[in-house]
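**Q** I'd like to ask you about the structure that follows.
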Amino acid sequence: MNEENNELLAALDSVAEVKVGDVVKGEVLAIDDNRQVIVGIEGAGVEGVIPMRELSSDRDADVNDLVKVGDVLDLVVVSTIGSDKEGGSYLLSKRRLEARRAWEEVASKYNEGDIVEAPVTQVVKGGLVVDVDGVRGFVPASMIENRFVQDLNQYKGQTIRAKIIEIDPAESRLICHVVTF
């Protein structure tokens, strides 16, 4: 009996505690009818849920094209669902982890003042949205040309050379100034 208790305690000690913000590996166990992915968190003995919005930023994507049962994914823990006493699980995100890693890469690769090639992905009120190695950046309209530009839509789809003015991963802020088109 004492040996069984020791084995049980050892097994419980080997289960990792999962906290919000942790990066975990999760094996896809099932895909439910609501396009949510159910995963088993490796080493923790608990399950987590990945809603479609946390799996991909593409709202039209088919969950079955993105993951299959048995796939092992790198995920970030977003929050808890329920309590441990209720057999709680975790809300997980693949999309947020990919964004975090993209920011880490951009922050380590570039400095303020660096020139980058960046495609214009969107025109918004007040400027342009550009993609810098998977990170969304902003170019204020006042920093596009030396003159007032009435219609910014002409820049959509173009690749610009932009100077990084501000890079702040903690605030998810990347501000650029157009150098040339």
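The values are calculated or read from the model by the stated rules, or taken from the named source; none is laboratory data. As the structure is a computational prediction, the values presented were derived from the model and not from experiment. We place every Cβ from the backbone using ideal geometry, glycine too, and count neighbours over all the protein chains shown.
**Q** Filter region 100-116 down to the residues that are outside any helix (DSSP H, G or I) and not aromatic (F, W, Y) and list them by number.
**A** N111, E112, G113, D114, I115, V116
**Q** Taking the residues in region 16-68 that are among the charged types (D, E, K, R) and touching a helix residue (DSSP H, G or I) at 6+ places or on another chain (Cβ under 9 Å) as candidates, determine which candidate is surrounded by the most Cβ atoms within 10 Å (Cβ to Cβ).
**A** E54
**Q** Here is a further query. Give region 23-33 a look and list any residue that's more than 17 Å from R96 (Cα to Cα) and touching a residue at least 12 places away in the same chain (Cβ under 8 Å), or say none.
**A** Scanning region 23-33 gives E27, V28, L29, A30, I31.
**Q** Counting just the residues of region 81-108 that are farther than 29 Å from D131 by Cα and buried (at least 16 other Cβ atoms within 10 Å of the Cβ), which one comes out modelled with the lowest pLDDT?
**A** Selected residue: S89.
**Q** Something else about it: What are the pairs with Cβ atoms under 6 angstrom where one residue, in region 137-161, is polar (S, T, N, Q) and the other, located anywhere, is part of a loop (DSSP other than H, G, I, E, B)? Sequence gap at least six, or different chains.
**A** Q158/F181
**Q** I'm trying to understand the selection: among the residues of region 38-66, which are over 17 Å from L97 (Cβ atoms) and among the polar types (S, T, N, Q)?
**A** Answer for region 38-66, where residues must be over 17 Å from L97 (Cβ atoms) and among the polar types (S, T, N, Q): just N64.
**Q** What about V123, is it over 30 Å from G26 (Cα atoms), surrounded by 14 or more Cβ atoms within 10 Å (Cβ to Cβ) and in contact with a helix residue (DSSP H, G or I) (Cβ under 6 Å, 6 or more places away or on another chain)?
**A** Criteria met by V123.
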